[in-house]
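Presented below is the structure to which this report refers.
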Amino acid sequence: MKAQEKYREMSIAEFFAKNKELAGFSNPTRAIYQTVRELVENSLDATDSHNVLPEVKISIKEVEAATDDKPAKYEVAVEDNGIGVPPNEIANAFGKVLYSSKYVIRQTRGMYGLGVKAAILYSQMTTGQPVFIVSSTDSSDNIYYKKLLIDIKKNEPVIIEEGQLLKRSNWHGTKVYLTLEGDWIRAKQKIIEYIKRTALIAPYAEIVFETPENEIYYFPRVTKKMPKPPSEAKPHPHGIDIEQLKAMVSFTKTKTMLEFMVEEFQSIGEITARKFLESIGIDPNMNPKMLIEKGNSKLLQVVATGLRTYKNFRPPRSDYLSPIGEELIEVGLKRLFNAEWVKAITRQARAYEGHPFIVEAGIAYGGNIIPTEEPVLLRYANKIPLLYEEREDVSYKVVSSINWKLYNIEEPMPLVVLVHVASTKVPYKGVGKESLSEVQELESEIKNAVQEIARSLRLYISKKNSERTLREKIVTISKYIPEIARSLSILSIPPDKWGTDGKNNNEKIIEKLVKIVSKSIELPKIDGKEEDPEKIVRSVIANVKLEQ
Ligand SMILES: Nc1ncnc2c1ncn2[C@@H]1O[C@H](COP(=O)(O)OP(=O)(O)O)[C@@H](O)[C@H]1O
Ligand SMILES: [Mg+2]
């Protein structure tokens, strides 16, 4: 008898339920960390990306203690003052894997429509509890709530309970409550670090975190300045693949290839469109729908390849990216490390494969930073802190290859290096979004950014060193001024006039010497400030006691 295979399709929800580690849920420690992360990411997307100053409250409570063979259960709750979810979208947004409002070309933290559902699936599989969502949009008169589970086989929400309340205030936002098995003890440090780093680059947010031990971590808002929210863009032809092209063709209302090119892509004018179509031998008057007709797959292929490779399109637009900005990075670094010196830069936009990106970097030096053998690396992508897989990340590759001695920085170094990549498509290595690939354009931008700041730091350190040497010199010379003045005053006045005249004379000579010494030394300007050498000379003299 021949063995026969049984075929069936797996729903995407089932796929992620079986491959939890792909979405970052590999064990109870990672699961609780990842849950916090997914919820906080969504809260921030719903606030700062829409010009709302974020207020985010996170709380974790133990609801069932661990036993010998089972981890403890925790309720994770995250509340925000964001734009809310429209009532008719709540069920799918939280109950259908790959359902998202973020499949547009815009710089957001979320991108796969998977995040919160991965957390909900994990919660459901470890505790059987539904997720509880409470939400209201700005324009709504009601607050809506739903308790739901995900039907894993069908990839569909199953509503357990729902309802609405009349809104008595002007609150808008979302609260999400999830119960899951987790290992808080092991995850604690990472979760706190994640929240700290989130606060670092969002000093305009108010963030409160309550731990299961009822400890409160509070990050007040330190500025109302927010990065400009990202806007939506049309795709750039270099970033298009066949599937996307098919989708665009099937949705377009345009009637000719010429119109299609001009209307559906970014920064393509009529002239460029004509030249491009001519170069791939396509009639500008052809109906774009022809591309998805049966038997035309070769034609489709020609257009797709042409779009990706044609050299004369303008580079992708970057004005819709939302970098954090030099000022906010510096504010954040100063606040977190009380650093002696900080500097940040935002580089010009570049592109890889049709996707624009901006690299930002910051360095903090000294202050409360604990010196270590390697600099502490803080990685961010679209404003999300990345904590795991550090060594696989392109930023690590760049930062660890820098020879810090060349920048006057000795080991161990009190040094923090921050790298932020903002893009409409961040080249993550996996859907867990923990590290970035070694895209060559990205690598060289990161290198340029970090080196540029390191050069400023070198200047600062060398000025500081030469200031120290000069200071020591001033101190050594100044110490002798009183003694020299006394000898000179004795020598320049005859013995019978030593009394009061001698004293006056002595003071005059001291004054002269102070001026001479202070004038001969110029201290370097550090961060625009220059110290007065005369002050130093006088304070040294004041401390010298002459022997009678
Ligand atoms: N706190 C929230 N505020 C507003 N909308 C939210 C919130 N959480 C989730 N959503 C909506 O649910 C959708 C799905 O979220 P998620 O599964 O995390 O995917 P993604 O963030 O990748 O879009 C989001 O695209 C968003 O529209
Ligand atoms: Mg998300």
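The values are calculated or read from the model by the stated rules, or taken from the named source; none is laboratory data. Keep in mind the model is a prediction, meaning the values are calculated, not measured. Note that each Cβ is placed from the backbone with ideal geometry, even for glycine, and that neighbours are counted across all protein chains shown. Note: areas computed on protein heavy atoms with side chains; ligands, DNA, RNA excluded. Shrake-Rupley method; radii C 1.70, N 1.55, O 1.52, S 1.80 Å.
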(request) Would you mind checking the pairs Lys433/Lys464; Lys61/Lys433; Lys20/Lys298 and listing those with alpha carbons more than 32 angstrom apart? (result) Lys433/Lys464; Lys20/Lys298
(request) Give me the distance between the Cα centres of region 212-236 and region 439-477, rounded to whole Å. (result) 31
(request) Give Lys397/Lys425; Lys18/Lys70; Lys397/Lys463; Lys473/Lys512 a once-over and call out the pairs whose C-alpha atoms are over 27 Å from each other. (result) Lys397/Lys463
(request) Assuming a ≥ b ≥ c are the square roots of the Cα gyration tensor eigenvalues, decide whether the chain counts as rounded (a/c under 1.5), prolate (otherwise, with a/b larger than b/c) or oblate. (result) prolate
(request) Describe numerically, in nm with one decimal, the distance between label points set 7 Å from Cα along Cα→Cβ at Glu9 and at Tyr388. (result) 3.0
(request) Measure off, as a whole percent, the carbon and sulfur share of the 1.4 Å-probe accessible area of region 461-542, all protein chains present. (result) 57
(request) Report the label-to-label distance for Ile516 and Glu21 in nanometres (one decimal), using points 7 Å from each Cα along the Cα→Cβ vector. (result) 7.8
(message) Give me the percent of accessible area attributable to carbon and sulfur for region 12-219, probe 1.4 angstrom.
(response) 49
(message) Students sometimes get this wrong: rank Arg538, Arg314 by accessible area, probe 1.4 Å, all chains present, largest first.
(response) Arg314, Arg538
(request) With both partners inside the chain, how many of the DSSP beta bridges are antiparallel, as a percent to the nearest 5? (result) 85
(request) Would you work out what percent of the accessible area of region 237-309, with all protein chains in place, is carbon or sulfur (probe 1.4 Å)? (result) 55
(message) Is the C-alpha gyration tensor of region 1-93 telling us rounded, prolate or oblate? Criteria: a/c under 1.5 is rounded; beyond that, a/b larger than b/c is prolate, otherwise oblate.
(response) oblate
(request) Distance between Cα centroids, region 284-329 to region 365-426: provide it in whole Å. (result) 34
(message) If R₀ is 35 angstrom, what is the calculated FRET efficiency for the pair Tyr218 and Asn465, using the beta carbon separation as r and rounding to 0.05?
(response) 0.35
(message) Quick check for me: using +1 on Lys/Arg Cβ and -1 on Asp/Glu Cβ, what's the dipole size of region 461-542 about its Cα centre, in debye to the nearest 20?
(response) 160
(request) Would you please state which residues of region 402-418 a label at Arg458 would reach in this model, taking the label point 7 Å out along Cα→Cβ and a backbone N cut-off of under 15 Å? (result) 402-410
(message) What does the extension gain come out to for Asn338 and Lys234, with contour length at 0.36 nm per residue minus their alpha carbon separation?
(response) 33.2 nm
(request) Would you please name the chymotrypsin sites (Phe, Trp or Tyr not before Pro) within region 7-88 that are DSSP coil residues with at most 14 other C-beta atoms within 10 Å of their C-beta? (result) Tyr7
(message) Greater than 26 Å separation of Cα atoms is the criterion. Which listed pairs, Lys154/Lys429; Lys334/Lys525; Lys102/Lys154, meet it?
(response) Lys154/Lys429
(request) Using per-residue counts of other Cβ atoms within 10 Å, averaged over each peptide, order 34-46, 296-308 from highest down. (result) 34-46, 296-308
(request) Give me the accessible area per residue for the chain, probe 1.4 Å, as a whole number in Å². (result) 51
(message) When a/c reaches 1.5 or more, the comparison of a/b and b/c decides; with that in mind, is region 237-309 rounded, prolate or oblate per its Cα gyration tensor?
(response) rounded
(message) If the reach is capped at under 12 angstrom between alpha carbons, list the aspartates and glutamates near Lys343, excluding any in the same chain fewer than eight residues apart.
(response) Glu326, Glu327, Glu330, Glu360, Glu452, Asp527
(message) Counting only pairs 8 or more residues apart or on different chains, how many lysine pairs in region 165-281 have their Cα atoms under 23 Å apart?
(response) 16
(message) Give me the extension gain from Thr252 to Lys508: residue separation times 0.36 nm, minus the current Cα-Cα distance, reported in nm with one decimal.
(response) 83.1 nm
(request) Quote the convex hull volume per residue of region 12-219, based on C-alpha atoms, as a whole number of Å³. (result) 123
(message) Using the basic label-point model (7 angstrom from Cα toward the beta carbon), what is the Asn312 to Ser169 distance in nanometres?
(response) 6.0
(request) Using packing as a proxy for protection, rank 316-327, 196-207 so that the peptide with the highest average count of other Cβ atoms within 10 Å comes first. (result) 196-207, 316-327
(message) Run the numbers for Lys525 and Ile242: contour at 0.36 nm per residue of separation, minus the present Cα-Cα distance, in nm.
(response) 96.0 nm
